[in-house]
Structure formats: C-alpha cells, structure tokens
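Shown next, in structure tokens, is the structure this report addresses.
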Amino acid sequence: MSTLDEVYNRLLDVAAFVHFPLKLTTMYVVYRYSPKTMGAMPAFLLNIMFWNLLANVFGFMMHIDPRFPAQCYRGDGPINFLTKSEFVYHVFFSGTFVCVMNCGLALGFAFPYRYLVFVYPEVIQKIKWKWGISLCFFLHVIYTVIFVYNYKNSVMPYKDYPWKEELPPKDGVFCYWPYGWRKNMIQAVFFILTSISVSNITMFSFLLRRALVQMKHILNEQTLELHRKFLWYLMVVTGVPLIFGGIPVLICNTCAIFPHISHCRYASMVCTLILYNHGALYSIVSIVTFTPYRAAVRRIARRIFRKNDVGPNLFVPR
C-alpha cells in the first residue's frame, strides 16, 4: 500500500471514531429535548441522521479507494480482515450509496410536512402517525429497490474486465462495466432519484416562503415568527448535506463516468473524505442553530462536569 493510500485510510479511521459518538449524542438530544411545538419534525431529523449514521457504518467497515482509470475500486479497512469476496465489497459499496440517496430523500420529507402544517393544518390532524411512517418507509423501499436493481446490472466480475492493461492488482478490487448502457444507467438512475429529492426540497421551500408572505397580514406575529424559525432551521440543516454531501457525490460520479480525466482519482479521494466528514458538521450545525438543542447540550455538559468536580471533594475533610 502506498503512503497516500495509508494516509487516506487513517484519515477515514479517525473520522469514524470521532463521528460515531458525536452523531449518537446528537440523535439523543433531538429525540429527548425536542419541544412539542416541532410536531413530527424530530422524527424527520432522526430519519436523516439515521441514514447518515448508517452510511458511516458502511464507510467505517469498508474504505472506498478509487482505482481510476480502471472502472474499479479497492475495498480497504476492517473488511479486509473478514473477507476478500467481490460480492461482499459490492454489498458495502452499494449500501453506502443507498444511504446517501435515502439521506437525500429523507431531507425532502420535512419540507412538505412544514408546508402542510402551515397552510393545511387540518390535513395534518387527520393523518395518523402510522400512515405517515408507512408512506416514508414505502418511498425509502422504492428508492432502494430501483437503485439496487440497476446497480446489479452495472457490476462486472474482476476476471471479465476487458481492458487488462489498466486493471489494478486483484487484492480487494471490484469492478463495473467500463462502457455501454450498463455503466451509464446506474449513474442516470442515481442522478434522477437525487434530483427528485432536491426538486422536492426547492419547490416546497419556495411554496412555504410564499405562504408566509401571503399570510403576513392574517396570522399573528408570534405564529409567523415560529414558522420562520423552523423554515430557517430547515434551510440551514438541509444546506450542509446538499453542499458538503451533494457536491462531493456529484464530483465522484463525474470521475466515475470519465475515469481517464487527469487526477480524477485524487479528486475522488478528496471528495470521499469530505463526504465521510460532512455528517459531523451536520450534527454540530443541527445543535448550534436551534436554541432548545443548544440549551440541552449545555445542561448535559454542566451535569457531566459537575459530577467530575464532586468526586475529589468527597475526601476533603470538613
């Protein structure tokens, strides 16, 4: 393994050990300290964080190392101690991108909900929790099945790869069709599904902003301010994954489509590092930008430090 690969793998290991406690703490704060005025919003936030955390689990187990110009990747990390199976590597690789795609879908759920709460509250009151959860679960399943089916068609066994001169050594390497519709279809499907999610966010964000302006003279200022705060919070916490997650994914996919571009392997590695680390930034922003969560973290921190301070004083003579 080269020095670059060694540094790359260690950075991914460090990121995983930092992210897991941070993300679990954030999920606990959202679950435990969300105000009742948020309604079902905490459930949508936890859904986003769940897919983000699951992507990190896949990423911790298998570090994705592009082997361009070949249409191949190498699986590094703990998975190398467990198996050398190409099939297992493909399961972890596709699992990572299923999580990325479903994270984008989860981001899109919150905006229609806030719009309905503001414009059609009577509709929200009629919808039972189990119906809403079932709908979200069904959409996640549909997205996953469509992606996995097309992913399966894009896979090519290492031994069948046609351009042997650019093929890296077999150890931990798994490949895809380097040409034709099988290569392009999986990229097109991923782009279409993520575009639907982004379009949904954009459309309902615009509709909610317009509704806030239209009802400015009808509703009292306190109600309007509450919805403005929730919209601002949604825009901020959605912007982090879209910018620090969406842009790196777009660059990685572009490199996969055109693997012979100069330095595209290094660009893809840098973007992978950003992609693996953006979840920590998302967790921090989720807490810092919302006052109840920020206050809850302060209380938890004070409690912890107070306990630490009490211990030594137990043995101080009075």
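If you scan the range 142-166, which residues turn out to be out of contact with any Cys (no Cβ under 7 Å at 6 or more places or on another chain) and open to solvent by less than 60 Å² (accessible area, probe 1.4 Å)? Passing the criteria: Tyr143, Thr144, Phe147, Asn150, Tyr151, Asn153, Ser154, Val155, Pro157, Pro162, Glu166. Can you confirm whether Gly239 is under 30 Å from Gly39 (Cβ atoms) and surrounded by 17 or more Cβ atoms within 10 Å (Cβ to Cβ)? Against the criterion (under 30 Å from Gly39 (Cβ atoms) and surrounded by 17 or more Cβ atoms within 10 Å (Cβ to Cβ)), Gly239 does not qualify. Can you work out which of the residues in the range 80-96 that are out of contact with any Gly (no Cβ under 7 Å at 6 or more places or on another chain), modelled with pLDDT under 90 and not polar (S, T, N, Q) is surrounded by the fewest Cβ atoms within 10 Å (Cβ to Cβ)? The qualifying residue surrounded by the fewest Cβ atoms within 10 Å (Cβ to Cβ) is Phe81. Count of the range 264-300 residues, restricted to those that are open to solvent by 50 Å² or more (accessible area, probe 1.4 Å), modelled with pLDDT of 90 or more and either in contact with a Cys (Cβ under 9 Å, 6 or more places away or on another chain) or of a type in the set (Ser, Thr, Tyr) (or both), is 1. Being within 21 Å of the chain's Cα centre (by Cα), under 15 Å from His140 (Cα atoms), open to solvent by less than 10 Å² (accessible area, probe 1.4 Å) and modelled with pLDDT under 90 is the requirement here; does Gly108 meet it? For Gly108, the condition - within 21 Å of the chain's Cα centre (by Cα), under 15 Å from His140 (Cα atoms), open to solvent by less than 10 Å² (accessible area, probe 1.4 Å) and modelled with pLDDT under 90 - is met.
Are any residues in the range 131-164 among the hydrophobic types (A, V, I, L, M, F, W, C), within 24 Å of the chain's Cα centre (by Cα) and either at pLDDT 95 or above or assigned to a helix (DSSP H, G or I) (or both), and if so, which ones?
Within the range 131-164, Ile133, Leu135, Cys136, Phe137, Phe138, Leu139, Val141, Ile142, Val145, Ile146, Phe147, Val148 qualify.
Results for (1) farther than 28 Å from Tyr282 by Cβ; (2) polar (S, T, N, Q); (3) in contact with a Leu (Cβ under 9 Å, 6 or more places away or on another chain), shown as yes or no for each residue.
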position	(1), (2), (3)
Cys72	yes, no, yes
Leu82	yes, no, no
Val88	yes, no, yes
Ser94	no, yes, no
Phe97	no, no, no
Ala110	no, no, yes
Val117	no, no, no
Tyr120	yes, no, no
Lys128	yes, no, no
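All conditions in (1) open to solvent by less than 40 Å² (accessible area, probe 1.4 Å); (2) touching a Lys or Arg at 6+ places or on another chain (Cβ under 6 Å) hold for His63, with the sole exception of (2).
Would you check if there is a residue in the range 103-115 being touching a Phe, Trp or Tyr at 6+ places or on another chain (Cβ under 6 Å) and not in a helix (DSSP H, G or I)? Checking the range 103-115: not a single residue is touching a Phe, Trp or Tyr at 6+ places or on another chain (Cβ under 6 Å) and not in a helix (DSSP H, G or I).
For beta carbons closer than 7 Å, sequence separation of 6+ or different chains, a first residue in the range 96-121 that is touching a residue at least 24 places away in the same chain (Cβ under 8 Å) and polar (S, T, N, Q) and a second that is in a helix (DSSP H, G or I) and open to solvent by 10 Å² or more (accessible area, probe 1.4 Å), the qualifying pairs are Thr96/Ala55; Thr96/Phe58; Asn102/Trp51; Asn102/His140; Asn102/Tyr143; Asn102/Thr144.
Scanning the range 167-186 for residues that are part of a loop (DSSP other than H, G, I, E, B) and either open to solvent by 30 Å² or more (accessible area, probe 1.4 Å) or in contact with a Leu (Cβ under 6 Å, 6 or more places away or on another chain) (or both), we see that the one that is farthest from Pro78 (Cα to Cα) is Tyr179. Scanning the range 19-44 for residues that are within 17 Å of Ile124 (Cβ to Cβ) and hydrophobic (A, V, I, L, M, F, W, C) turns up Met38, Ala40, Met41, Ala43, Phe44. Screening Ile218 against (1) hydrophobic (A, V, I, L, M, F, W, C); (2) open to solvent by less than 40 Å² (accessible area, probe 1.4 Å); (3) at pLDDT below 85 leaves a single unmet condition, (2). Filtering the range 247-263 to residues that are in a helix (DSSP H, G or I) and open to solvent by 20 Å² or more (accessible area, probe 1.4 Å) leaves Ile247, Leu250, Ile251, Asn253, Thr254, Ile257.
Take the range 69-87 and flag every residue that is in a strand (DSSP E or B) and closer than 20 Å to Pro162 by Cα.
Cys72, Tyr73, Arg74 - these are the residues of the range 69-87 that are in a strand (DSSP E or B) and closer than 20 Å to Pro162 by Cα.
The values are calculated or read from the model by the stated rules, or taken from the named source; none is laboratory data. Please read these numbers as outputs of a predicted model, since none were measured by experiment. We place every Cβ from the backbone using ideal geometry, glycine too, and count neighbours over all the protein chains shown. Side chains are part of the model used for accessible areas, which takes the heavy atoms of the whole protein and leaves out ligands, DNA and RNA. Shrake-Rupley method; radii C 1.70, N 1.55, O 1.52, S 1.80 Å.
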